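Shown next, in structure tokens, is the structure this report addresses.
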């Protein structure tokens, strides 16, 4: 895998395998509110045993490595998995979303470039919808690229708001917003969540709808375990922040002279 | 409209139509203080039934989609409308201005590229002038690219300050400041506003002057309705902000190592 | 002057004239602490009647126009003036320094490109040295690119610190730091100032040393007037800030989804 | 050394010498938590009398010059030193790390480009691990690119965590994370430190492990002196910040119009 020529730019896709897929559906679950999307995507990957085929690196991800269980480091990245079934899937998850406005657009378009080549025509993006208080039975709200989709999906217990307003920030929004300009269709499924902590309840509700739509059966018994893992990483990220007490104070532009 | 090749960069203009226009006057009304400019531009578009002919996307707009009334998403953008009359018009409005300093310059120059091709020689930019308190009868202040314009426009009840100082930040300023270097003339019309809320009173005063200058007659009866619509979107944007409680905390560059 | 082809990028130099100069000395006075440098440079320009020959625009300056005394707008910029005498001078002043780290480097190198073509071998950068309290008789501290210069300049009542440490941020530092890599020599003259307001006392002390070094005689009677003008612009910039109450709140990257 | 053509970009390497080295080991010690890495690297350079062969400038370093002991300025930079012994070394230290996310990636890759050409196969990055309280006997924690390394290094009294989580931010992490993709191996050695001040105790512990691994013997008697020097520079940087009271207030994008 080591390549002298490797150069990480705004969005650098490193393939590990080039699987043959038929019109794969793209499913996105990156870090966000309650880590609902990431948790759902990672649980799905584990349950259906999806296989990683590409990694995405970016100068817009934090300049950071994570330390794995055995003291081994790896650079922060996004990952693409595939699964071949009655419908083929490509699942996107990862450590971070792009940090800057521009980075978000560049990364989204790089991912669309990949799935477009595989013939993707449909996208499901997964996320949390922060309501500020804990929710016992999280509802799932949807937003779609086409009216035909909202009609079709209402029967899966997904709410579509009547009054306008609201928005979706980050990859879950951009993949749909730019995807539709490239002729794709898509839906964002957002589970209600407090927004204050990793939320397996919300992820379960989102994933139940998604697998029901896709006609896939999975177990949810290990979802709490997966949530615990993400909680641990998130906690470490935060303690990392706190321990890095001595900041470079010259970042603000102040002038002598 | 879907194009595989579509790639959004700092300023990507997507044409829906290429109308034939004669020296069209550019009118700009993008979000800003009191949303005076945006409100005025959108009301004008509605009243004269101007037609959209181009959308502008940018990696410098927020990485965000809005959800419309029926649960359908669309990527944030700017829009160009045209209207053919005794004078032809191109009207610029949109969801956001560029977020960064550089983005503002790039977007302004992309818009000037478009209207330059159509032969635009005159620009009116519309905005609010924040005074910090509510104003019952908002005055309209002007600033121009040429002295001949200030003389000509004083009769339309537009104030031009005697003492120097002050400035115009954002598209309303840049379109004039860069436009004049390309041989265009222009005026910025700024309505007094508290700056704290969407202000249809200020927009009405600005629009009265503009339509009077252009020799166009419009009704203002639906302006309050339009203001309500913008208020609702603005409120949703703010609640969106609040609900997005869990921020990526690694954005600050702090070092271990 | 209007050019259809004009495109403002990170540093765009627009020549109004191409004077013939012999090894001109570059003098820089841009906005900074106490506006000492800008005030000194502008007063020098007025007194010796230096002539503007180039303007510099940048996507790294604020996206802003200023409104002049008669309601006429002009885009924010830097300016290059020249003066032919026993020694030829190029004087750099302007409305702003670059806003970003990268912009500062790009602008500095663009200016060095200009003066290098004219054969510049010596640079004086002017600035304030903030001490936090008002100073009745501001001292002038120097920093140089070569030891021969510090020796030569001590007789002009310029202090050179014995112990190391300290630094110069912005154009005053970069012009010397990068200039020396291109074979130029240079000195930064810093007048003590509180740092809280435009400081003509400090500017006078700096300018006295500079003109003495250059062998130029100027009057200082209008310096206070010039300070008043800069104060007024600065005050307007600040009120501009305050009045712009309604900020685009989506600038922070927060994710739903 | 002066070159008319010199242009500083995101990462500009200026060679002073092109030494012949055999598979040199790269050692990195840039500013960070407790300045442990920088202090260790600089002390090592002094003790083994390593020789500077290249300087790295960047538009992502602060736009700033430092003033040396005798009033002479030099642009902020990173530096590469070499040493020829039983094993050859390249040592990286400097004034700053890149200020932006993207800059960190670009600078890291530029450094890897340099050492790759020299045949570097092994990297040691040095840093501090902030624990928030003063530590009498700082322990040294490691993280590695390969499991074989963690096994090998445990005998040098270096801890490798059993449970996962945590991360390394900045050059110490990126050099390993990207280096491994280019076929290099590497270890990050992190000394416990409060994180609140320059910490020679922590640097000593880190350096003891490193020199022991490399089979190099050095004295630590002047380490405190070196720490004092870095403290002085750091203090000056901070006072520089404070004195620069008058900030350019237009940096936030707020709109009139």
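The values are calculated or read from the model by the stated rules, or taken from the named source; none is laboratory data. From a predicted model like this one, the values you see are computed outputs, not experimental measurements. Cβ sites come from the backbone with ideal geometry, for glycine too, and all protein chains shown count toward neighbours.
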*On the given criteria, is residue D:68 under 12 Å from the mean Cα position of the chain (by Cα), under 30 Å from residue C:158 (Cα atoms) and surrounded by fewer than 24 Cβ atoms within 10 Å (Cβ to Cβ)?*
no
*Can you name every residue in the range D:25-52 that is surrounded by 24 or more Cβ atoms within 10 Å (Cβ to Cβ) and not in a helix (DSSP H, G or I)?*
D:26, D:27, D:28, D:29, D:30, D:31, D:32
*For residue C:180, state whether it is within 21 Å of residue C:26 (Cα to Cα), outside any helix (DSSP H, G or I), at the interface with chain D (Cβ under 10 Å from one of its Cβ atoms) and modelled with pLDDT of 95 or more.*
no
_On the basis of being under 19 Å from the mean Cα position of the chain (by Cα), closer than 28 Å to residue B:98 by Cβ and at pLDDT 95 or above, does residue C:77 make the cut?_
yes
*In the range D:81-103, how many are part of a strand (DSSP E or B), in contact with a helix residue (DSSP H, G or I) (Cβ under 7 Å, 6 or more places away or on another chain) and surrounded by fewer than 24 Cβ atoms within 10 Å (Cβ to Cβ)?*
2
*Out of the range B:206-226, which residues are more than 20 Å from residue B:171 (Cβ to Cβ) and either within 14 Å of chain C (Cβ to nearest Cβ) or surrounded by 24 or more Cβ atoms within 10 Å (Cβ to Cβ) (or both)?*
none
*Select from the range C:46-60 the residues that are touching a residue at least 40 places away in the same chain (Cβ under 8 Å) and under 20 Å from residue C:8 (Cα atoms) and list them in ascending order.*
C:54, C:55, C:56, C:57, C:58, C:59, C:60
*Being without any contact (Cβ under 8 Å) to a residue 12 or more places away in the chain and either touching a strand residue (DSSP E or B) at 6+ places or on another chain (Cβ under 8 Å) or over 29 Å from residue C:219 (Cβ atoms) (or both) is the filter here, so list the residues in the range C:61-72 that pass it.*
C:63, C:65, C:67, C:68, C:71, C:72
_Positions within the range C:60-75 being assigned to a loop (DSSP other than H, G, I, E, B) and within 28 Å of residue B:150 (Cα to Cα), in sequence order_ = C:61, C:62, C:63, C:68, C:69, C:70, C:71
*Could you list, in sequence order, the residues of the range B:104-131 that are in a strand (DSSP E or B) and more than 14 Å from chain D (Cβ to nearest Cβ)?*
B:122
*Which of the residues spanning the range B:170-199 are crowded, with 24+ Cβ neighbours inside 10 Å and out of contact with any helix residue (DSSP H, G or I) (no Cβ under 7 Å at 6 or more places or on another chain)?*
B:173, B:176, B:177, B:190
*asked:* Take residue D:153 and tell me if it is within 29 Å of residue A:229 (Cα to Cα), part of a helix (DSSP H, G or I) and within 14 Å of chain B (Cβ to nearest Cβ).
replied: no
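Hey, among B:31, B:63, which residue is in contact with a helix residue (DSSP H, G or I) (Cβ under 6 Å, 6 or more places away or on another chain) and within 9 Å of chain A (Cβ to nearest Cβ)?
Just a single option satisfies the conditions, and that option is B:63.
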*asked:* Condition check: within 14 Å of chain A (Cβ to nearest Cβ), at pLDDT below 95, assigned to a loop (DSSP other than H, G, I, E, B) and over 21 Å from residue D:63 (Cβ atoms). Does residue C:195 satisfy that?
replied: no
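Out of B:149, B:153, B:253, B:240, which single residue is more than 22 Å from residue B:35 (Cβ to Cβ), in contact with a strand residue (DSSP E or B) (Cβ under 9 Å, 6 or more places away or on another chain) and modelled with pLDDT under 90?
B:253
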*For residue C:53, all conditions in the list (1) within 14 Å of another protein chain (Cβ to nearest Cβ); (2) touching a strand residue (DSSP E or B) at 6+ places or on another chain (Cβ under 6 Å); (3) at pLDDT 95 or above hold save one; what is the number of the exception?*
(1)
*Could you look through the range D:132-146, keep only residues that are assigned to a loop (DSSP other than H, G, I, E, B) and closer than 19 Å to residue D:36 by Cα, and pick out the one that is nearest to the other protein chains (Cβ to nearest Cβ)?*
D:132
